Every structure is written in structure tokens, then in C-alpha cells.
1. Which order results if B:Trp75, A:Trp338 are arranged by neighbouring Cβ count within 10 Å, fewest first?
2. A:Ile101's amide H: which non-local residues (gap 5+, or another chain) put their own amide H closer than 5 Å, with H modeled 1.01 Å from N in plane and none for Pro or chain starts?
3. Rounded to the nearest 5, what % of the DSSP beta bridges within chain B are antiparallel ones?
4. I'd like the FRET efficiency for A:Glu315 and B:Met124, computed as 1/(1 + (r/R0)^6) with the beta carbon distance as r and R0 of 51 Å, rounded to 0.05.
5. What nm value, rounded to one decimal, do you get for the distance between B:His378 and A:Ala151 when each label is placed 7 Å out toward the C-beta?
6. What's the long-distance tail for region A:1-154, i.e. % of Cα pairs beyond 25 Å?
7. Quick one: B:Val333, B:Val41, A:Val282, fewest Cβ neighbours within 10 Å first, how do they rank?
8. Below 8 Å between Cα atoms, with a sequence gap of 6+, how large is the relative contact order for chain B in percent?
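Each reported figure results from applying straightforward, stated rules to the coordinates on display, with no laboratory input. Remember, it's a predicted structure, so these values are computed and weren't measured experimentally. Glycine also receives a Cβ, built like all others from the backbone with ideal geometry; neighbour counts cover every protein chain displayed.
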Amino acid sequence: MTDPLVEVEDLEKYYYEDDSLLDRITGREPTSVKAVDGVSFTVERGETLGLVGESGCGKSTTGETLLRLREATGGSVSFDGEDVFAMDGEDLVDFRQRAGIVFQDPFSSLDPRMTAREIIAEPLAVHDVGTAADRRSRAAELMERVGLSSAQLDRYPNEFSGGQRQRIGIARALALEPDFVVCDEPVSALDVSVQAQILNLLDDLQSEFDLTYLFIAHDLSVVRHITDRVAVMYLGEVVETGPTDDIFEDPGHPYTEALLESVPRADASEHGRRVDALPGDVPSPRDPPAGCRFHTRCPYAREACRETDPQPVAESDSAGDEQRRIACFRTDADHDYWASEPLEHARAEPMADDD
Amino acid sequence: MAANSGRDLLRVEDVSTRFFTEEGQINAVEEVSFTVREGEVFGIVGESGSGKSVTALSLVDLVESPGRVTDGEIWFRNADLAEAVRDDHPGAVDGEFVDLRQMPDGVRRSLRGPSFSMIFQDPMSSFNPSVTVGEQIAEAVEVQRRASANPRSTRSRSQGYGLGRLLLDTVVPTRSYVSRESRERAVDLLDQVGIPDPAERADEYPHQFSGGMLQRAMVAQALAGEPDVLIADEPTTALDVTIQAQILNLLDDLQAETGMSIVLITHNLGVIARMCDRVSVMYAGEIVERGSLDALFENPAHPYTQGLLGSIPDLEDPAARLQPIEGSVPDLVDAEMDDRCYFADRCPKAMTECLDKPPEFPVDGDDEHAAKCVLADHDYVESEALDDDYFASPLEGMGDTVEGEADD
């Protein structure tokens with residue numbers, strides 16, 4: 001039933017510190033920063049998968065690693081049935097054509113010394129597509145398609161506003177007619193009124209060109225609006241995946257629940273709403289907590305959470321298709337978790353089946 | 001919730017701030033008027049470049065060159081100050097109110113801390129990276145302590161920062177400006193804003209703090225002078241949502257504790273909705289609509305406010321399509337601003353009369369709720385509508401155009 005375009009399996013990206021030659025000679029152990037630590041998800045053909053999390057949770061690194069813009073330290077990614085990390089030569093060039101990326105910051109992701117035309121046509125030139133004249137007309141076509149005027153093609157990035165620059169970034173990503181686009185926080189640097197324009201544009205382009213998106217964002221209302229399914233990340237791990245509507249209506253993981261609870265709604269009824277804010281900060285990925293990584297902030301944490309790391313448990317619908325994966329002991333009614341002691345910071349919760 | 005019915009604490013009348021740059025005069029804030037009441041949270045919302053931060057800086061007279069507050073009055077209720085300056089500046093006193101714009105620099109400076117205090121958007125760049133957090137807060141406390149000994153003098157607080165002092169410190173480095181009491185008070189303040197182990201954290205440097213913790217520390221610093229008005233300029237924009245929730249809770253608690261007024265400046269309508277009693281919406285340097293929270297969110301009169309609200313994806317109900325405002329915010333160079341409604345070029349309901357600057361109209365006869373838009377006064381007349389391409393200048397090409405309109 002499912003038709004995945006991208007399958008990510010146990011993806012790992014560790015950075016090492018104290019790893020210089022001198023450190024090795026003096027015998028110092030390298031310390032690792034586990035930016036992405038065993039992330040698995042699939043992106044179905046034609047869907048938009050949201051990757052959500054707070055800053056530093058590894059969502060952008062995941063996006064860049066699965067495109068091979070960074071070398072992974074473990075795991076595998078398959079794109080349309082082929083192993084991305086094993087590709088070389090022609091295959092890799094082909095993959096680069098079929099998978100594009102739109103970056104977060106429209107100010108630093110465009111070369112200030114290239115005109116809009118050069119920026120948009122550069123991928124075509126790199127992949128040697130068409131003649132110079134073809135590339136020029138293709139750039140003009142893309143420019144119009146993303147809602148800019150082709151009369152502006154010879155302008156430099158500094159002559160465009162933030163929203164217009166992001167449109168150029170999108171045009172560049174579309175130049176090679178990719179199947180798959182990673183959108184790394186494409187609207188977070190924009191004002192709300194412009195953000196809505198870009199979201200509508202991405203929506204239109206998806207249906208027009210049959211695109212598959214991996215949409216990385218921290219803004220939950222944007223994610224709710226544009227994605228079909230969501231993967232929620234915390235400290236380098238995916239804690240919950242599932243259809244967007246299900247997750248937003250009935251979050252399964254305590255972290256997802258807390259995230260949703262924290263977002264201030266733009267509505268008069270929001271006034272004075274008191275949020276049970278999560279205590280503390282996100283722990284450092286240099287030294288992530290043992291057991292469940294969320295246990296230091298989780299309002300439901302118990303001793304069991306400190307000892308073992310919960311594995312994602314899949315829930316399937318009646319047709320046997322996997323719907324959700326939640327990495328929390330609370331999904332298992334028979335787990336030892338229920339018998340263990342609540343941790344000190346956890347909220348007292350009345351639990352009927354707490355025996 | 002009904003708007004707080006406290007007395008007026010601050011009356012801002014027709015304040016304009018301009019920047020005189022090489023490209024020309026920038027009208028960052030244009031005849032802005034509002035009042036802030038005792039014990040309320042007053043919100044200013046707008047997109048980047050709308051002039052909301054400059055408005056805040058204008059209140060506390062922190063606009064830097066080439067900018068200048070060129071016009072307007074800022075009336076602040078302070079009975080003691082009114083008494084003290086009545087003789088020297090009779091024109092600047094109205095009952096318990098004092099017009100801060102007519103006060104000499106020294107007096108205005110003496111109000112920063114005990115009367116006005118400010119927290120900024122980016123905690124990482126607002127602290128000195130080479131001085132411990134505790135020391136920086138203690139310094140703010142010390143300044144206030146010295147000032148309260150001699151309220152109207154700026155000299156007393158800067159004493160110890162002179163040349164002689166500098167030389168002395170070089171020779172005897174242990175002598176310090178900050179007293180032990182101020183350090184203790186700094187630790188208390190850190191505790192008050194919810195920093196765990198405040199005594200130990202006080203000796204750490206800003207880079208050892210997380211963004212949320214540093215924002216708390218900045219709030220602590222702002223509280224050093226026990227201000228009447230706390231101006232919070234995008235206090236949670238640099239923070240993640242779970243940390244944002246913590247900081248909003250903190251501001252809420254502190255306000256309840258101290259009874260101060262908060263001027264909250266943000267682009268996030270959700271933050272506005274959670275915190276504010278009354279709200280002003282800014283666009284292109286002007287307040288285009290003001291009113292109570294309910295009035296503004298339930299019954300927005302200005303097309304810009306409506307557009308802002310329509311641009312936000314709803315967390316509870318994902319609508320099929322967002323209704324963005326087309327185009328982008330104008331830059332505010334004086335020479336390029338016609339004397340018209342600044343929003344007319346993006347407004348779906350622009351009419352010929354919008355080519356004249358609209359005055360402020362009350363909405364539905366409500367004194368509190370007003371909008372700078374003719375639609376608040378009478379209905380849209382289709383026959384008066386401006387052509388779609390009225391504002392498109394032939395030389396400029398098109399701005400951010402909609403799909404379908406780009407085929408010129």
C-alpha cells in the first residue's frame with residue numbers, strides 16, 4: 001500500500017571533539033556530539049513529511065545528511081530503492097538532480113555577486129543541461145512560476161526583499177525538476193504575511209510538479225498547515241511519527257503534548273491561558289541523559305525512564321498499515337513503567353491502573 | 001477578559017521618530033499615540049520594519065544617531081517628579097504628569113531604571129561576554145542604589161567610572177564599583193526569575209547560560225530598579241516554544257507580584273493574545289488599529305489587521321488555503337512615501353479616497369477601538385475601487401506579485 005520515495009533507517013551523524021592529531025598522540029578519547037542518533041522514517045511519494053523540533057534537536061542535520069550534503073556516520077538512506085550512501089559517479093549526479101533543497105535564510109543562501117538569472121541557472125549549468133540560451137529561458141520561466149517578474153532577472157539578491165529572495169531560492173531548487181525537495185525552515189525568516197505567500201506557493205508547486213517534500217520547521221502551526229505526516233524530534237531522536245491530524249489532535253508522546261501546549265494561539269480566548277511549561281532546558285547533546293532522553297523534563301517521568309531508552313512502538317490501523325510510532329513506555333499498558341516510582345520533578349498524576 | 005481599568009501611567013501623543021540617512025529621511029515612527037495604564041500589559045504588534053522597536057526606544061530616549069525623536073509628547077505620571085520640576089518647567093507639567101520630551105537629558109536618564117526598564121530580543125548579544133552574569137546584574141543594582149541616594153543627579157551614579165577611578169583600579173584591581181550588598185541583591189534577583197542555584201550561576205559567564213536562562217537573567221537585570229514600566233522588545237522571539245512558555249509565565253508572575261505595566265512588543269499574534277490587555281497594530285510607522293484584545297481579534301476593522309490574522313495558519317483547524325497579504329512592507333524613505341494610506345498598495349479594498357491619508361475612526365462607536373481606515377467609517381464602495389495595477393510602477397517591474405498577475 002505504501003510507496004516510499006525516501007527511506008531513512010537508523011541514520012546517525014556524530015561530530016567528534018578532541019579528535020585532532022595532538023589529541024590522538026596524547027591518547028585523549030574523542031568525545032562525540034550525537035547530533036542525529038538513530039533516526040528512522042519514510043517519506044511517501046507525493047506527500048509532505050514534517051520534521052519538527054526545537055533548535056539543536058538535529059532536524060536540519062538530518063535533512064542535510066540524508067541528501068549527502070554531510071557524510072553520515074551510520075545508518076542508511078534509500079532513495080527510490082537505491083542506497084544513497086553507496087552511490088557514486090553517474091548515480092550520484094542523477095540523485096543530485098532528483099533531490100533539491102531550499103534553505104532557511106534567504107539572505108545568506110544566495111550569492112550576493114550573482115544575479116537572479118545566474119543563481120537560478122547555476123544548477124542547470126553544473127549538470128550541463130541544455131544550451132546557454134535554453135538555460136536563460138528556463139530561468140525566466142522559473143522566475144515567473146515562483147511569482148516574480150522575468151524583468152527582474154538581472155538584479156542582484158540585495159535588490160530583493162526577504163520573501164522575493166526565498167522565491168528565488170525555491171526557483172533554484174526547482175531548476176532541475178527534482179522529485180524530492182528538502183525545505184529547511186523555508187519560512188522562519190519571513191514575516192507572517194509573506195510567510196503565508198510562500199506556503200501557498202510551495203503548496204501550488206507541489207501539486208503542479210508532483211513534488212515530495214521533507215519540510216523541516218519549528219513552527220507548529222505552519223507544520224500543521226502544510227504537512228501530511230509529522231516526525232517529532234528531540235535531542236537527535238525521533239520520538240513520534242504519524243499523520244499530522246492525528247498527532248495534533250491526540251499527541252502520543254509527552255514531548256509532543258508539551259510542544260503543542262506551549263504554542264500561543266492567535267485567538268482572543270488565548271488570553272491569560274496558563275501553560276504548564278516544561279521545566280528546564282534541552283540537555284546538551286554532548287552528554288545526553290541516559291534512558292529516555294526526555295526524562296529530565298518529562299512531567300510523567302518515572303524511574304523506568306531513567307534506566308532504559310524506550311524503543312519506538314508502531315501502531316497500525318485496521319488495514320495493517322503503520323500509522324504511528326511512539327517512543328514512550330506509556331503506550332504500553334503492561335510496561336514496568338507503571339510500577340516504578342515517579343521522578344522528583346514529575347507532576348503527581350492520578351492513575352487508575354497504577355498498581 | 002475586560003481591559004484593565006487602571007489609571008493612565010503613560011500618555012504618548014503624536015510621537016514621530018526619523019532617521020536621517022544617506023539614502024534620505026526615513027520616517028520610522030509617524031505620529032504615534034497611545035496610552036499605557038497602570039498594571040496592564042500593552043501590546044504593540046507589527047511586522048519587521050513597522051517601527052515597533054523604534055517606538056519603544058523613543059519612549060526611553062534611546063534612539064541613536066542618525067535617528068531622532070522629532071516630534072510629540074510623552075506624558076508620564078510621576079507625582080514626585082512633577083513636583084520637583086514644576087518650577088523650572090511649568091509647561092511640562094500637567095497635574096501628576098510630566099512631559100518627558102521637555103525634560104533635560106539628565107532627568108530622562110535618571111528615570112531609566114526606577115521608572116522605565118527594557119529587555120531586548122537577543123539575550124546572547126545583550127550581555128557583555130567577558131563579565132559574569134552576576135556582576136552585570138549587580139552593576140545595574142549598584143547604579144540604582146547610588147541613584148536613589150541622589151535621585152535627580154546622574155553624577156552620583158557614574159561616580160567611580162571617571163579617569164581617576166580607572167587609574168586607581170589599574171593599580172589596585174580589587175577595588176570595585178559594585179558593593180557586596182548589590183551582589184547579594186543580584187543573587188536574589190536571579191532567584192526571583194527562577195534560575196536554579198542562583199549563587200553559583202551568578203559567577204558564570206553569559207556563554208555558560210542557555211538562551212532561556214540568559215533571557216531570565218536579562219529580566220532580572222531589568223528588575224534591578226523596580227521599574228514602573230517594563231518594555232519588552234520581542235522578549236521570546238529568539239527562544240524555542242517550550243522556553244517561550246516559561247518566559248511568558250515568568251513575565252506574568254512578575255507583573256502580578258510587582259504591579260508594573262508591561263509594554264510588550266512582538267510580531268507574534270499568539271504571544272499578544274496570551275499576554276496583552278490592549279493592543280496596537282503598527283504598519284509602516286503608524287498605529288493603524290488599536291483596541292482591547294477582544295475587539296481586535298474578534299472584530300478587526302483595518303484590512304491589515306484582518307490580513308495579519310488571515311495569514312496565520314491555525315493550529316487547531318488547518319484551513320485549506322491561507323489568505324496572505326500580497327506584496328511586501330514598504331521601506332519608509334520619506335521621498336517615496338506619498339501622502340496616502342500606506343497600506344493602500346497592498347489593500348484588497350483600496351478606494352480613491354485612500355489616496356488621502358485617512359484619520360482615525362472609532363469602530364462601532366467604541367472609544368477604545370479605533371482604526372486608521374475609511375472602512376471603519378463607512379462601507380466599501382466597489383465603484384470607487386482603485387485599479388489593480390494602480391500602484392505598479394512601470395520602471396520597477398512588479399514586486400511580490402501573485403501567480404497569475406505576473407504575466408505582464
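1. A:Trp338, B:Trp75
2. Under 5 Å from the amide H of A:Ile101 lie the amide H atoms of A:Val182, each far enough along the sequence or on another chain.
3. The antiparallel fraction comes to roughly 65 percent.
4. Numbers: r = 41 Å, r/R0 = 0.80.
The computed FRET efficiency comes out at 0.80.
5. 3.5 nm
6. Cα-Cα pairs of region A:1-154 separated by over 25 Å account for 49 percent.
7. Sorted ascending by nearby Cβ count, the order is B:Val333, A:Val282, B:Val41.
8. Reported relative contact order: 19 percent.
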